[in-house]
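*Asks:* This is the structure, below, for whatever I ask next.
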Amino acid sequence: MLEVINVVFHGAAFGMVLYVITVGLSITMGLMRFANLAHGMFAMVGGYALIVSMGRYGVPYPAALGLAFVASCLMGYVLERLLYSRFYGDSELAQVLISIGLIFVAIALVRMVFGPQSQRVDLPSYLQGQWHIFGLDWIAYRVFIIVVGALLILALWFGIERTRWGAKVRAAVDNRAMAQSIGIDTSRIFSLTFMLGSGLAGLGGALGVELLAVQPGYPFEFLVIFLMVVALGGIGSLRGTFFAALLIGLADTACKYWIPELGSFLLYGLVIVFLGLRPGGLFGAQT
Amino acid sequence: MRFFKRILSIAAVVSVAVAGTAAAETIKIGLITSSSGQGTFLGEQMIQAAQLYMNQNKDRLPAGTDVKLIVRDDGGPNPDKARQLAQELIVREKVDFLTGFIWSPNAAAVAPLSTEAKVPTLLMNAGASINITLSPYFVRFSMGTSTAPFYLGKWAGARFKTSYIAVTDYGPGFDSEKYFELGFKENAGAEVVGRVRMPINTADFVPYLQKVKELKPDVLFVFVPTGRIGVNFVKAFNDLGLAKQGIKLVGTGDITADEELPSLGDAALGLLTVHHYSGAAERQATKDFNAAWAAAYGKDSIPSFAAPQAWDTMDAIYEAIIAQEGKVESDESMEILRNYKSDKSPRGTISIDPKTRDIRQNEYLREVRKVEGRLANVEIEIVGQQVLDPWVEQNSK
């Protein structure tokens, strides 16, 4: 029983980080049909923003998280206007090439400024060590991640399901042409959503600095797992992305704990089998 | 600032190269390392150390002799690329010595070329134990990966009853697992209670360590590649409170690499590791080396173990050049290299074992302590006195 609790706890923390990072990717892919492989770049920028603002300028942790969100929001907005928006509707090959190219540029820039080594930052003392609750040890930082992740999920759910803007986003995901024809400014929706998605990725990258190490190779190293979450969840589905992130977080942790001999093989294998049976993912449109 | 220093150091190579062409006798050294891709940090330090050595020892060369360093980038673990670069250096540049090699597979791919062209090839890293046996023209100035785990195991087995072994799932990880266990079990009653091989791209070690927490061994041995992976591992170890449970974490120097200590922070205090080099050593040669490094590359640049390895390699090449008065011949160079000895290495006394062409050096037990406000690997005991890689020793008979 104790083992199961531990696996669920660690897996949930990892899943939350994955969710916050990938939810933006899933929405933008659903909304704009744009395969933005460079999404991890925004998470990396968030990570570096946190590390630089805390390490060099002594910004307190919560403010640094906010800064990471704002920094990647801005970057997302600028890149969307200048670059991405020109490739909407282009072939997938063009989209993949442009986003892979962006990753290379980002890696080179980051390496030049910060060097090839991974960066670390000391978390505030209240998030270090363990909390002893219900007779068990809980790593404080992971509890924090789960709580923040849960709050974000609520906020996103409310934003998408209960607000006017959310209704427009859902309409545009379902049928862009129809949404446009009834007067929804889809181009503005795209920009805002892309910005928000990038910002969330940045926040996720900052939140997960201790789980996904921040170093120049970041956008490539974690690309596969991000894409797995999106594919498994179903493109454009908030709910699907959440369950997929949680599932992958749990499966990854459980594999490491109970059957480390198999490495990540089991995880990849399960995803392949699942997508073979349901190509649209957990909650995506089944085509 | 660092960027400009790099430009300056590149300018220095170029000037060395230009000066080289004017002299009567030019010895060419081909250096294959990783200045892009994985291993960049170590690769750059190799180049920096080699240049530093050349700048400091210009006057020792025989009159009319010049040394030209030709640097090539293999872009990480990439055997085919390394072999192609080596071929180019041998055929087109006609190098007298080949050196460098962060990655063992890259060195292995070059071995047949070294043998065929009879080019003395000095390994500045490439620690896989078996590597040294691949060509009679290989000489290793770094270390064999079985060495530190074996002597650490021996030391730990005398003090702890039960151990758990966690290694990265690749060649050097298997060497480390096997030789730690061999060393550990040389002590009667010492027992390995569990083991795990972790994928090389693991960033989060908590799930693996959760298992260790439940098994409660006396000592946990870890081997991971040098760099950030070690930082993450130590972090997870502390997060789970394993130290408080009385589990002692020990490892090779890779988990407390000198250059990573600042990012480990106080979490590293008290960690015990075995390694062949620490920049915090009290030896005069180490202090001189650090001072020269700081003068050339700034105080914030911390030399990793790759730097002294490259430094010693260059010293051996210079020794061969000087002994032959500038007219190097490959078999004679090999004869000098395989008998190389030095007590002025930044890592203490070292020598090449004439029979196996592998390095003999001390393995130090170090503890992370605060020295003058900075974290340092303080050498507290020599656990292997002038030892050879145990795998190489067993397989040389």
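The values are calculated or read from the model by the stated rules, or taken from the named source; none is laboratory data. These figures come from a predicted structure and were not determined experimentally. Positions of Cβ are backbone-derived with ideal geometry, glycine not excepted, and every protein chain shown enters the neighbour counts. For the accessible areas, the whole protein counts, side chains as well, though only heavy atoms, and no ligand, DNA or RNA atoms are used. Shrake-Rupley method; radii C 1.70, N 1.55, O 1.52, S 1.80 Å.
*Asks:* For the range A:185-272, what relative contact order do you get, as a whole percent, if you take Cα pairs closer than 8 Å and at least 6 residues apart?
*Replies:* 14 percent
*Asks:* At R0 = 35 Å, how high is the FRET efficiency between A:Arg33 and B:Glu116 if r is their beta carbon distance? Nearest 0.05 is fine.
*Replies:* FRET efficiency, A:Arg33 to B:Glu116: 0.05.
*Asks:* Here's a follow-up. Test of the criteria: in the range A:70-125, which trypsin sites (Lys or Arg not before Pro) are in a DSSP loop and have at most 10 other Cβ atoms within 10 angstrom of their Cβ?
*Replies:* Of the trypsin sites (Lys or Arg not before Pro), not one in the loops of the range A:70-125 has a Cβ with at most 10 other Cβ atoms within 10 Å.
*Asks:* Tell me, which residues of the range A:165-213 get at least 50 Å² less accessible area when the other protein chains come in, versus the chain alone (1.4 Å probe)?
*Replies:* Residues meeting the cut-off: A:Glu210.
*Asks:* Among the GluC sites (Glu not before Pro) within the range B:296-397, which fall in a DSSP loop and have no more than 10 other Cβ atoms within 10 Å of their own Cβ?
*Replies:* B:Glu372
*Asks:* Dividing the Cα convex hull volume of the range B:257-307 by residue count, how many Å³ per residue is that?
*Replies:* Convex hull of Cα atoms, per residue: 87 Å³.
*Asks:* Straight-line reach from B:Lys344: which aspartates and glutamates have a Cα under 14 Å away, not including same-chain ones fewer than 8 places off?
*Replies:* Within the straight-line cut-off, B:Lys344 pairs with B:Glu282, B:Asp288, B:Asp312, B:Asp315, B:Glu319.
*Asks:* Another question, then. Modelled label-to-label distance, B:Lys299 and B:Val371, 7 Å Cα→beta-carbon offset: nm?
*Replies:* Distance between the two pseudo-spin positions: 1.7 nm.
*Asks:* While we're looking at this one, here's another question. Starting from the Cα gyration tensor of the protein assembly as shown, multiply each eigenvalue by 5, take the square root, and state the resulting semi-axes largest first in whole Å.
*Replies:* 48, 31, 22
*Asks:* Peptide B:195-203: average number of partner chain Cβ atoms within 10 Å per residue?
*Replies:* That works out to 4 on average.
*Asks:* At 1.4 Å probe size, put B:Thr26, B:Thr33 in order of accessible surface, largest to smallest.
*Replies:* Accessible-area ranking of B:Thr26, B:Thr33, largest first: B:Thr26, B:Thr33.
*Asks:* Give the carbon-plus-sulfur fraction of the accessible surface of chain B in %, rounded to a whole number; probe 1.4 Å, heavy atoms of protein chains only.
*Replies:* The C+S portion of the solvent-accessible surface of chain B is 53 percent.
*Asks:* Taking 25 Å as R0, compute the FRET efficiency from the Cβ-Cβ separation of B:Lys58 and B:Ser330 and round it to 0.05.
*Replies:* Computed FRET efficiency for B:Lys58 and B:Ser330: 0.55.
*Asks:* Sticking with this structure for a sec: Rounded to the nearest percent, how much of the accessible area of the range A:2-216 (1.4 Å probe, protein heavy atoms only) is carbon and sulfur?
*Replies:* C and S atoms contribute 68 percent here.
*Asks:* Label the range A:200-287 by shape, choosing from rounded, prolate and oblate, from the square roots a ≥ b ≥ c of the eigenvalues of the Cα gyration tensor; if a/c is under 1.5 it is rounded, and otherwise prolate applies when a/b is larger than b/c, oblate when it is not.
*Replies:* Oblate, since a/c reaches 1.5 and b/c is not below a/b.
*Asks:* Sticking with this structure for a sec: Using Cα-Cα distances under 8 Å and only pairs 6 or more residues apart, what relative contact order does chain A have, in percent?
*Replies:* 38 percent
*Asks:* Mind telling me which of A:Val273, A:Val45, A:Val169 comes out most flexible in a GNM of chain A, alpha-carbon contacts under 10 Å?
*Replies:* In this elastic network of chain A, the residue with the biggest mean-square fluctuation among A:Val273, A:Val45, A:Val169 is A:Val273.
*Asks:* Something else: Express in whole angstrom the spacing between the alpha-carbon centres of the range B:71-142 and the range A:77-138.
*Replies:* About 36 Å separates the Cα centre of the range B:71-142 from the one of the range A:77-138.
*Asks:* Which of the helices in chain A, when you take each full DSSP H run, stretch at least 27 Å along the axis at their Cα atoms and have an average Kyte-Doolittle score of 1.6 or higher?
*Replies:* Membrane-span-like by this criterion, though nothing is claimed about a membrane: A:2-32, A:92-114, A:140-162.
*Asks:* Follow-up question, since we're still on this one. Run the dipole for the range A:1-141 about the Cα centre, Lys and Arg Cβ at +1, Asp and Glu Cβ at -1, nothing else charged, and hand back the magnitude in debye, nearest 20.
*Replies:* 400 debye
*Asks:* Right, another one. If you take the beta carbon distance between A:Leu2 and B:Gln87 as r and set R0 to 56 Å, what does 1/(1 + (r/R0)^6) give as a FRET efficiency, to the nearest 0.05?
*Replies:* Efficiency computed from Cβ-Cβ geometry: 0.45.
*Asks:* Right, another one. Given a cut-off of under 8 Å on Cα pairs at least six residues apart, what relative contact order in percent is computed for the range A:35-125?
*Replies:* After rounding, I find 43 percent.
*Asks:* Go through the range B:301-397 and name the chymotrypsin sites (Phe, Trp or Tyr not before Pro) that are in a DSSP coil and have 15 or fewer other Cβ atoms within 10 Å of their Cβ.
*Replies:* For chymotrypsin sites (Phe, Trp or Tyr not before Pro) across the range B:301-397 that sit outside H, G, I, E and B with at most 15 neighbouring Cβ atoms in 10 Å, the list is empty.
*Asks:* May I pose another question? Using a Cα-Cα cut-off of under 25 Å, which lysines could be cross-linked to B:Lys216, ignoring same-chain neighbours fewer than 8 residues away?
*Replies:* A:Lys256, B:Lys154, B:Lys161, B:Lys178, B:Lys185, B:Lys235, B:Lys244, B:Lys248
*Asks:* Something else now. Taking only protein heavy atoms and a 1.4 Å probe, what accessible area per residue, in Å², does the range A:72-183 have with all protein chains in place?
*Replies:* Per-residue value: 58 Å².
*Asks:* Run the Debye formula on the Cα coordinates of chain A, all scatterers equal and no solvent, and tell me log10 I(q)/I(0) at q = 0.11, 0.14 1/Å.
*Replies:* Computed log10 I(q)/I(0) values: -0.64, -1.05.
*Asks:* Can I ask one more? Ignoring ligands, DNA and RNA, how much accessible area is buried between chains B and A, both sides summed, with a 1.4 Å probe, to the nearest 100 Å²?
*Replies:* So the buried area, both faces added, is about 2600 Å².
*Asks:* Still on this structure, please answer the following. Which one of B:Pro77, B:Ala156, B:Thr226 has its Cα pushed farthest toward the positive end of the charge dipole of chain B, where Lys and Arg give +1 and Asp and Glu give -1 at the Cβ?
*Replies:* B:Ala156
*Asks:* Leaving out ligands and nucleic acids, and using a 1.4 Å probe, what accessible area per residue does chain B come to in Å²?
*Replies:* 38 Å²
*Asks:* May I ask for the Kirkwood hydrodynamic radius of the range B:344-397, worked out over all distinct Cα pairs and given in angstroms to one decimal?
*Replies:* 12.8 Å
*Asks:* Identify which of B:Ala294, B:Ala320, B:Ala82 has the largest mean-square fluctuation in a Gaussian network model of chain B, with springs joining Cα atoms closer than 10 Å.
*Replies:* Per the Cα network of chain B with a 10 Å cutoff, B:Ala294 tops the list.
*Asks:* Which whole-angstrom value gives the distance between the alpha carbon centres of the range B:187-258 and the range A:1-70?
*Replies:* After rounding, the separation between the Cα centres reads 26 Å.
*Asks:* Here's a follow-up. So, with +1 on the Cβ of K and R and -1 on the Cβ of D and E, and no other charges, what is the size of the charge dipole of chain B about its Cα centre, to the nearest 20 debye?
*Replies:* 620 debye
*Asks:* In this model, which of B:Lys94/B:Lys327; B:Lys118/B:Lys355; B:Lys68/B:Lys341 are farther than 20 Å apart at the alpha-carbon?
*Replies:* Flagged as over cut-off: B:Lys68/B:Lys341.
*Asks:* Dipole of the range A:2-216 (Lys/Arg Cβ +1, Asp/Glu Cβ -1, origin at the Cα centre): which of A:Val147, A:Met178, A:Pro62 lies farthest to the positive side?
*Replies:* A:Met178
*Asks:* While we're on this one: Treat each spin label as a single point 7 Å out from the Cα along the C-beta direction, and report the A:Phe114 to A:Arg56 distance in nm.
*Replies:* For the pair A:Phe114/A:Arg56, the computed spacing is 1.1 nm.
*Asks:* So, one more: At a Cα cut-off below 14 Å, give the aspartates and glutamates reachable from B:Lys213, other chains included and same-chain residues fewer than 8 away excluded.
*Replies:* Straight-distance partners of B:Lys213: A:Glu3, A:Asp137, B:Asp239.
*Asks:* Considering only DSSP beta bridges where both residues belong to the protein assembly as shown, give the percentage that are antiparallel (nearest 5).
*Replies:* Once the DSSP bridges in the protein assembly as shown are tallied, antiparallel ones form about 40 percent.
*Asks:* What is the packing order of peptides B:273-283, B:158-168, A:227-237, taking the mean over residues of other C-beta atoms within 10 Å and listing the highest first?
*Replies:* The densest-packed peptide leads the list: A:227-237, B:273-283, B:158-168.
*Asks:* Please compute, for peptide A:255-262, the average count of beta-carbon atoms on other protein chains lying within 10 Å of each residue's beta-carbon.
*Replies:* For peptide A:255-262, the averaged partner shielding equals 5.
*Asks:* Just counting partner chain Cβ atoms within 10 Å, what average do the residues of peptide B:225-232 show around their Cβ?
*Replies:* Whole-number average of other-chain Cβ neighbours for B:225-232 is 3.
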